[in-house]
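A.B. asks: Quick one: this structure, given as structure tokens, is what I'll be asking you about.
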Amino acid sequence: MRSRAVPSNPSAGDVTSAVLAIGRSDFPNVLIDTLRRQAEVGHCMVFALSRAGAADCLLDAGNIPIGGDLGAAYAGQFHESDPNRDALFEGEGGAPIMLPAFAPRMYGARYRKIFFQDSGIVDKCATAIWTGDTCFYVNFYRIAAQGCFSAAQRERLEAIAPAIAASVARHFQTPAPDQSLAALFATRPPLAALTPREQEVCRRILSGSSSEAISQALGISLHSTLTYRKRAYERLGISSQSELFAIVLRLLTPSLN
């Protein structure tokens with residue numbers, strides 16, 4: 001089965017937490033929490049595959065107790081017999097792809113026993129994105145206690161896959177200090193064009209603070225907070241929090257452009 005491109009227009013607010021956690025030590029936990037909230041994903045594993053044939057397990061988070069062992073086994077040898085391997089390498093080019101739907105018959109007997117029967121995994125979805133010579137392969141699993149993904153959950157994963165894949169790639173590519181919102185606002189247009197106070201208000205908006213909470217935190221009046229927000233939005237040519245987030249998402253994950 002061939003891979004297929006996924007749409008590049010996910011609803012920004014659906015993955016806000018994961019995108020804003022790029023570069024932070026708690027990124028794995030934030031990512032799995034986001035995936036659980038959006039599609040009841042039980043476990044997530046991320047592998048880096050190179051054109052030279054090497055593989056590495058970068059992330060293992062969720063409800064599979066032997067996830068670490070599975071990650072090591074896959075990176076050690078089983079990546080070579082992954083039935084999605086051809087589809088992964090056909091997807092070179094920078095656009096996120098969604099891998100073919102899971103079917104046990106796709107896998108050899110030894111692969112099925114180790115990765116599905118012994119682990120309790122009953123279903124999986126996967127997306128991937130190439131950045132340079134590295135493919136970031138993101139796998140979403142559900143175990144027997146959860147049952148298989150529903151059609152609606154699969155559709156949801158397809159919708160958020162571009163942002164998830166690009167966020168994972170950016171997280172593992174860029175040193176943490178460069179990923180702070182403060183650095184982003186200080187160095188990247190159009191955010192860098194805002195005044196320091198406008199930037200501070202916008203950063204707190206992105207973190208989910210209300211106008212009242214921002215006023216209290218900054219020691220300014222509610223009127224001043226609203227004025228700074230209005231001026232910032234005017235400079236950026238936007239009118240809402242979701243549009244502000246879209247700018248940040250675009251800067252953090254350029255592969256979605």
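A.B. asks: Looking only at the range 201-257, which residues are among the aromatic types (Phe, Trp, Tyr) and modelled with pLDDT under 95? Give the steps one after another, and end with the answer.
C.D. replies: Step one: filter the range 201-257 for residues among the aromatic types (Phe, Trp, Tyr), giving 228, 233, 245.
The answer is 245, and nothing else.
A.B. asks: Pairs, please: C-beta under 7 Å, at least 6 apart or cross-chain, first residue assigned by TED's automatic domain parsing to the domain that holds residue 73 and in the range 116-127, second in a strand (DSSP E or B) and surrounded by fewer than 21 Cβ atoms within 10 Å (Cβ to Cβ)?
C.D. replies: Pairs that qualify, where the first residue is assigned by TED's automatic domain parsing to the domain that holds residue 73 and the partner is in a strand (DSSP E or B) and surrounded by fewer than 21 Cβ atoms within 10 Å (Cβ to Cβ), are 120/143; 121/143; 122/143.
A.B. asks: Still on this structure, I have one more. Quick test of your reading of the structure: residue 139 fulfils all but one of (1) touching an Asp or Glu at 6+ places or on another chain (Cβ under 6 Å); (2) modelled with pLDDT of 95 or more; (3) within 21 Å of residue 28 (Cα to Cα). Name the failing condition by number.
C.D. replies: (1)
A.B. asks: Mind checking which residues of the range 124-136 are out of contact with any Leu (no Cβ under 6 Å at 6 or more places or on another chain) and assigned to a strand (DSSP E or B)? Let's see the steps before the verdict.
C.D. replies: Initial filter on the range 124-136 (out of contact with any Leu (no Cβ under 6 Å at 6 or more places or on another chain)): 124, 127, 129-134, 136.
Answer for the range 124-136, where residues must be out of contact with any Leu (no Cβ under 6 Å at 6 or more places or on another chain) and assigned to a strand (DSSP E or B): 124, 127, 129, 130, 131, 134, 136.
A.B. asks: Within the range 14-96, considering only helices (runs of 4 or more DSSP H) that don't extend past its boundaries, which have at least 3 residues that are in the same structural domain as residue 158 (by TED's automatic domain parsing) and over 21 Å from residue 115 (Cα atoms)? Spell out the reasoning first.
C.D. replies: Working: elements: 16-20, 27-39, 67-76, 85-90.
In the range 14-96, the matching helices (runs of 4 or more DSSP H) lie at 16-20, 27-39.
A.B. asks: In addition: Here is a list: 182, 166, 186. Which entry is surrounded by 21 or more Cβ atoms within 10 Å (Cβ to Cβ), in a helix (DSSP H, G or I) and either modelled with pLDDT under 90 or among the charged types (D, E, K, R) (or both)?
C.D. replies: On the way: 182 fails: surrounded by 21 or more Cβ atoms within 10 Å (Cβ to Cβ); 186 fails: surrounded by 21 or more Cβ atoms within 10 Å (Cβ to Cβ).
Of 182, 166, 186, the one residue that is surrounded by 21 or more Cβ atoms within 10 Å (Cβ to Cβ), in a helix (DSSP H, G or I) and either modelled with pLDDT under 90 or among the charged types (D, E, K, R) (or both) is 166.
A.B. asks: Here is a further query. Could you please give the count of residues in the range 68-103 that are over 22 Å from residue 154 (Cα atoms) and crowded, with 17+ Cβ neighbours inside 10 Å?
C.D. replies: 6
A.B. asks: Condition test on residue 158, is it surrounded by 13 or more Cβ atoms within 10 Å (Cβ to Cβ), closer than 27 Å to residue 65 by Cα and acidic (Asp, Glu)? Show your work before the answer.
C.D. replies: Working: surrounded by 13 or more Cβ atoms within 10 Å (Cβ to Cβ): yes; closer than 27 Å to residue 65 by Cα: yes; acidic (Asp, Glu): yes.
Yes.
The values are calculated or read from the model by the stated rules, or taken from the named source; none is laboratory data. Everything quoted here is computed from the prediction, not taken from an experiment. Cβ atoms come from the backbone with ideal geometry, glycine included; neighbour counts cover every protein chain shown.
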